[in-house]
Amino acid sequence: MEADSVAASIDPVAKVLEVAHTIAFRHGLGASLFATQHPSFTVEDIKAFAASAFSSGNIAVLGTGIDQTKLSKLVEKSLGKIPSSSSATTSSTKYHGGETRVESSNPLQTVFIGFGTTGAPSNDLAALASHIAPEPHVKWSKGISPISEATSAGTTVQTVYLPYSDATLLGFLIQGENAADVKTAAQAAVKVLKSQVSETDARKAVAKAKFRAASEVDSRDGVVSLLGNKVFSGADASVETALSSFDAVSSSSISSVSLLCEYM
């Protein structure tokens, strides 16, 4: 745990995303993923938390590639004796926003420009994230995005899309060797975000978002990210339903959601 915290403290990307969450949400999602160097909690505190959190009212089981009946039997055998309790309650996430500057010994200038929304993640936001992504489709190429065209050599722009159960953080992570190049790339990124989305670009964005969602089910974390919320809410938690729901996304809905993003 200490090693992870030390590694994160000297990684400019990890550091800027941690700060971004704190500014955006303050509490809850704003809490750091990493412990302080001298944490105040003990092993007994962790055991007590686990005993209260891992109860039948707070657990959902999601299976892929397995028969429902067989899964139910396995769950009953493995988790049937877990004590029951009421579901955990937390306050709804609120978005605050703001700005700050943090000193870093890393030579790269690192900037995060974030846009936060509250409520369940939407397919419109996922499509918007795909639309603004400047990452090239062809290896070793610079890409054809307006952001890429405005980005000088040595400067990089990455899209950050982090959907949570009741909030989403969307934005650009920009790194460069000097402040002037980073500022130019940042201005280009924000301009693309604010621009209207054509029907052609919307279809491309939806296709990219679908592909990204389909690719997520190849990993355990991806399955949880894509379908976890649906299990807890009692909705249809199938990959097919999750992908087909993107068909309702249009150019107007993507443009509308970009206007609703609150700037940090």
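This table checks each residue for (1) more than 26 Å from residue 223 (Cβ to Cβ); (2) of a type in the set (Gly, Ala, Ser); (3) under 24 Å from the mean Cα position of the chain (by Cα); (4) part of a helix (DSSP H, G or I).
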| position | (1), (2), (3), (4) |
| --- | --- |
| 6 | yes, no, yes, yes |
| 15 | yes, no, yes, yes |
| 44 | yes, no, no, yes |
| 57 | no, yes, no, yes |
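Examine region 159-175 for a residue that is surrounded by 14 or more Cβ atoms within 10 Å (Cβ to Cβ), more than 29 Å from residue 253 (Cβ to Cβ) and at pLDDT 90 or above, and state whether such a residue exists. Taking every residue of region 159-175 in turn, at least one turns out to be surrounded by 14 or more Cβ atoms within 10 Å (Cβ to Cβ), more than 29 Å from residue 253 (Cβ to Cβ) and at pLDDT 90 or above.
The set of residues in region 29-40 that are exposed (fewer than 11 other Cβ atoms within 10 Å of the Cβ) and without any contact (Cβ under 8 Å) to a residue 24 or more places away in the chain comprises 38, 40. Looking only at region 58-71, how many residues end up being of a type outside the set (S, T, N, Q) and surrounded by 12 or more Cβ atoms within 10 Å (Cβ to Cβ)? Residues in region 58-71 being of a type outside the set (S, T, N, Q) and surrounded by 12 or more Cβ atoms within 10 Å (Cβ to Cβ): 5 in total.
Filtering 102, 111 for residues that are assigned to a loop (DSSP other than H, G, I, E, B) and of a type in the set (A, V, I, L, M, F, W, C) leaves a single hit, 102. The sole residue among 202, 248, 235 that is over 20 Å from the mean Cα position of the chain (by Cα), modelled with pLDDT of 90 or more, under 30 Å from residue 62 (Cα atoms) and not assigned by TED's automatic domain parsing to the domain that holds residue 26 is 248.
Looking for something under 23 Å from residue 117 (Cβ atoms) and not assigned by TED's automatic domain parsing to the domain that holds residue 224 - is there at least one such residue anywhere in region 36-47? The answer is no, given that none of the residues of region 36-47 is under 23 Å from residue 117 (Cβ atoms) and not assigned by TED's automatic domain parsing to the domain that holds residue 224. Scanning region 205-221 for residues that are exposed (fewer than 13 other Cβ atoms within 10 Å of the Cβ) and more than 16 Å from the chain's Cα centre (by Cα) yields a total of 2.
For region 186-195, indicate whether the set of residues that are within 16 Å of residue 124 (Cβ to Cβ), in contact with a strand residue (DSSP E or B) (Cβ under 9 Å, 6 or more places away or on another chain), of a type outside the set (A, V, I, L, M) and not assigned by TED's automatic domain parsing to the domain that holds residue 15 is non-empty.
For region 186-195, residues within 16 Å of residue 124 (Cβ to Cβ), in contact with a strand residue (DSSP E or B) (Cβ under 9 Å, 6 or more places away or on another chain), of a type outside the set (A, V, I, L, M) and not assigned by TED's automatic domain parsing to the domain that holds residue 15: absent.
When you scan region 178-193, do you find a residue that is assigned to a strand (DSSP E or B) and surrounded by 14 or more Cβ atoms within 10 Å (Cβ to Cβ), even just one? Write out each step before concluding.
Our first condition is that a residue be assigned to a strand (DSSP E or B); within region 178-193, this holds for none.
No, the conditions are met nowhere in region 178-193.
The values are calculated or read from the model by the stated rules, or taken from the named source; none is laboratory data. Being a predicted model, the structure only gives us computed values, none of them experimental. No Cβ is skipped: glycine too gets one built from the backbone with ideal geometry, and neighbour counts run over all protein chains shown.
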